[in-house]
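Presented below is the structure to which this report refers.
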Amino acid sequence: MKSCLGWITLISFFSMLTLGAQADVTRDVILRAANITPSPAQMAWQEREMIAFIHFTVNTFTDMEWGTGEEDPSIFNPSDLDPRQWVQVCKEAGMQTVILTAKHHDGFCLWPSQYTEHSVKNSPWKNGQGDVVKELAEACHEAGLKMGLYLSPWDRNNPAYGDQVRYNEYYKNQLREILSQYGEVVEVWFDGAKGPDAKDMEYNWAEYYAIVRELQPNAVMFNGPDVRWVGNESGFAREMEWSVVAKRPGSLFELVNPMAKDLGSRAILNTDSELVWYPAETDVSIRPGWFYHATEDDKVKTPAQLMDIYYKSIGRNSVLLLNLPPDRHGRIHENDIASLRQFRKILDLTFSIDHALHSQATASSCRDGNQQFGAQTIVDGEKETYWMTDDWVSSATVELDLGTPKTFNRVMLQEYIPVGQRVEAFTVQVWDGQGWTDLAQGTTIGYKRILLVPDTTTSKLRVIINESRVCPTLSHIGLFYQPPVDAIP
Ligand code: FUL
């Protein structure tokens with residue numbers, strides 16, 4: 001794969017040189033955008049697809065969402081704290097990473113930090129000898145899952161907060177502690193939230209990022225250089241979700257407006273655009289709140305709601321970060337587990353059979369005469385093989401002959417993003433016996449796009465790439481059938 005990537009980079013480089021002379025600036029920007037690629041850590045994060053978020057702290061015991069920072073550590077006393085149970089539940093649901101709120105805005109630390117007294121070490125839990133981060137790290141390790149850590153910059157307890165020098169030092173010390181004592185950490189979550197009453201101060205982001213890179217070089221940083229917030233906490237990404245976006249010129253990794261409808265289309269790119277690979281993570285809670293509240297036991301999202309979130313996040317070129325808050329015992333509640341199990345069952349029933357697998361695939365253009373980049377790679381079940389058009393071809397058609405009529409209601413499309421995200425407009429059509437009819441249309445594809453279509457039976461389907469930044473790629477077209485949710489026992 002390496003040599004092939006090197007070859008593509010070389011071609012792209014010469015393409016840019018040739019085009020630069022004759023084309024306008026916009027074309028140059030588009031070429032630049034088309035050739036921005038994910039880092040290995042971003043790629044690994046994207047492929048893990050679904051992450052569990054664990055919100056747990058003093059708030060669990062005070063029934064709050066944002067603690068004041070004045071909580072007495074003695075209230076932290078889970079009767080049966082069991083990170084192994086969290087990890088088991090997450091693993092069964094198909095999550096590959098678990099991110100824990102090591103410190104939320106109240107400043108209470110779930111590990112015995114040497115830099116503050118406001119932590120588990122002064123709680124009655126395990127007589128002050130416990131360490132939640134350590135227990136989670138061990139549980140993840142045993143189960144083969146990855147761990148991520150959330151460390152809130154906004155700290156309502158620490159007296160140094162507001163003093164630029166002292167607080168930044170405190171925060172950096174804590175970052176070093178949690179990133180050096182617990183083995184591999186694959187994601188560091190920098191929450192941007194700050195209450196209106198918070199003292200004014202600047203965080204030393206550049207130094208925070210440097211510490212993460214030094215201690216955990218393979219970790220991605222949320223709301224840092226690697227992963228961006230999708231822009232809402234309701235569980236949906238945009239229908240047009242670009243992983244290459246324009247950042248605020250001169251900023252470290254700030255977007256002009258992370259909530260804007262359009263972050264990366266041609267319409268907003270301009271000569272000054274500083275472009276970065278900055279994919280979206282969709283964070284949402286399985287309950288209305290981020291922390292556990294007994295009053296929300298009957299408000300757990302249903303399997304159908306979780307499916308909807310799945311299609312609108314993972315199915316729209318985003319990673320899903322689903323929050324599962326443990327209760328006062330320190331365990332994930334049975335209602336949440338029941339909903340997750342059914343969600344997993346629907347996913348398995350739907351995605352276990354790909355009706356397009358090993359069908360006959362042809363394309364209107366293939367880079368090398370149907371050899372390495374031929375259309376058949378799209379349906380070979382291999383994620384590292386992919387179809388690509390000739391160098392100057394930015395619209396093309398791929399046709400699948402399914403052999404016999406197949407029934408499906410989900411169409412999955414995947415670009416080969418290690419070479420960039422390129423498709424800007426596509427149409428899916430089906431053969432009705434006499435001609436082609438439109439089934440779905442869209443703009444971006446990215447790592448994964450899942451289209452919800454009515455139950456459709458056909459023996460031939462085609463995907464038209466109407467517009468692409470440079471030669472488009474596809475690594476997968478999948479056709480799946482999701483049974484009606486109510487019909488699944
Ligand atoms: C927000 C926080 O204020 C919430 O409490 C929660 O942690 C959520 C994931 O991020 O910014």
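The values are calculated or read from the model by the stated rules, or taken from the named source; none is laboratory data. Just so it is clear, the structure is predicted and the values come from calculations on it, not from any experiment. Glycine gets a Cβ as well: all are built from the backbone with ideal geometry, and neighbour counts include every protein chain shown.
Looking at the structure I just gave you, is residue 157 over 22 Å from the mean Cα position of the chain (by Cα) and in contact (Cβ under 8 Å) with a residue 40 or more places away in the chain?
yes
Write out, first by first residue and then by second, each pair whose Cβ atoms fall under 9 Å of each other, whose residues are 6+ apart or on separate chains, and whose first residue, in the stretch 61-82, is closer than 16 Å to residue 118 by Cβ and of a type in the set (D, E, K, R) while the second is assigned to a helix (DSSP H, G or I) and more than 14 Å from the ligand (Cβ to nearest atom).
Hits for this filter: 71/61; 72/122.
When the stretch 94-109 is examined, which residues are found to be at positive phi and more than 16 Å from the ligand (Cβ to nearest atom)?
Across the stretch 94-109, the qualifying residue is only 94.
I'd like to verify a number: residues in the stretch 286-309 that are of a type in the set (Ser, Thr, Tyr), within 16 Å of the ligand (Cβ to nearest atom) and either assigned to a helix (DSSP H, G or I) or more than 18 Å from residue 52 (Cβ to Cβ) (or both), how many?
The total comes to 0.
When you go through (1) part of a loop (DSSP other than H, G, I, E, B); (2) touching a residue at least 12 places away in the same chain (Cβ under 8 Å); (3) more than 16 Å from the ligand (Cβ to nearest atom) one by one for residue 371, which number turns out not to apply?
Looking at each condition in turn, residue 371 falls short on (2).
Which count do you get for residues in the stretch 225-253 that are within 16 Å of the ligand (Cβ to nearest atom) and not hydrophobic (A, V, I, L, M, F, W, C)?
Count: 6.
Restricted to the stretch 66-84, and to residues that are touching a Phe, Trp or Tyr at 6+ places or on another chain (Cβ under 9 Å) and not in a loop (DSSP other than H, G, I, E, B), which residue is surrounded by the most Cβ atoms within 10 Å (Cβ to Cβ)?
Out of the qualifying residues, it is 73.
Has the stretch 76-93 got any residue that is more than 16 Å from the ligand (Cβ to nearest atom), closer than 19 Å to residue 121 by Cα and either among the β-branched types (Val, Ile, Thr) or in contact with a Leu (Cβ under 8 Å, 6 or more places away or on another chain) (or both)?
yes
In the stretch 178-203, what residues are within 26 Å of the chain's Cα centre (by Cα) and more than 16 Å from the ligand (Cβ to nearest atom)?
Selection gives 178, 179, 180, 181, 182, 183, 184, 185, 186.
Scan the stretch 110-118 and tell me whether some residue there is buried (at least 23 other Cβ atoms within 10 Å of the Cβ), within 16 Å of the ligand (Cβ to nearest atom) and assigned to a loop (DSSP other than H, G, I, E, B).
yes
Select, from 186, 244, 212, 230, the only residue that is farther than 21 Å from residue 157 by Cβ, touching a helix residue (DSSP H, G or I) at 6+ places or on another chain (Cβ under 6 Å) and at pLDDT 95 or above.
After applying the criteria, what remains is 244.
Identify, by number, the condition in (1) of a type in the set (Val, Ile, Thr); (2) surrounded by 21 or more Cβ atoms within 10 Å (Cβ to Cβ); (3) outside any helix (DSSP H, G or I) that residue 353 doesn't meet.
Looking at each condition in turn, residue 353 falls short on (2).
Any residue in the stretch 127-143 that's part of a helix (DSSP H, G or I): show its pairings with residues that are at pLDDT 95 or above and small (Gly, Ala, Ser) at Cβ separation under 6 Å, as long as the two are six or more apart or on different chains.
Qualifying pairs under 6 Å: 133/102; 137/183.
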